[in-house]
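Working notes for the structure below.
What follows is calculated from the coordinates using simple rules that are stated; it is not laboratory data. What you see is a predicted model; the values in this text were computed from it and never measured. Every residue, glycine among them, receives a Cβ derived from its backbone with ideal geometry; neighbour counts consider all protein chains shown.
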Amino acid sequence: MFFTRIAQTVLLAAALASAAPAHEIEKRQPNAFFCTDANFSGSCFLSTTSGCVNVGSGFNDNVSSFGPDPGVFCNLFTNRDCTGSHITLVNPGSSHLEQVNFNDVMSSFQCFFQ
């Protein structure tokens, strides 16, 4: 009985020691930065993504540069609701989507942590 109680205490202490502090536990979401012109210029937007993102009318079929945050990859889609043809970009992304044959065709995207 005594040994069982010690073992339980040791296991509980180990579990608590390996847990992240409460202030570090938060829901992070991947970020992506995109612009209407090459070289991350023109009208730009920083999106904190959660699930599939349909871009607004000012960006639909009008994005020429796209960059996910470090540790993030994003799938860019030609149609709304993350459908249609797609490409995958990792950080630093592409400052010239024309170079990857995806200039001015993005309508939606979805990002994930690597």
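General observations
- Evaluating 6.51 cos²θ - 1.76 cosθ + 1.60 at θ = phi - 60° for every residue in region 74-84, the Karplus couplings come out as 10, 9, 9, 10, 7, 10, 5, 6, 6, 10, x Hz, glycine and proline recorded as x.
- Scanning residues 5 or more positions from residue 63 or on other chains, those with amide H under 5 Å from its amide H are 104, 105, 106, with H placed 1.01 Å from N in the peptide plane.
- Extension reserve of the residue 38-residue 113 stretch, reckoned as 0.36 nm per residue once the Cα distance is removed: 24.5 nm
- Spin-label model distance (nm) - residue 80 vs residue 29, 7 Å beyond Cα toward Cβ: 1.9 nm
- Residue by residue, region 100-107 carries 3J(HN,Hα) couplings of 10, 6, 9, 6, 6, 10, 6, 10 Hz when phi is fed to the Karplus relation 6.51 cos²θ - 1.76 cosθ + 1.60 (θ = phi - 60°); x denotes Gly or Pro.
- Put simply, when 74-80, 105-111 are sorted by average Cβ atoms within 10 angstrom per residue, most first, you get 105-111, 74-80.
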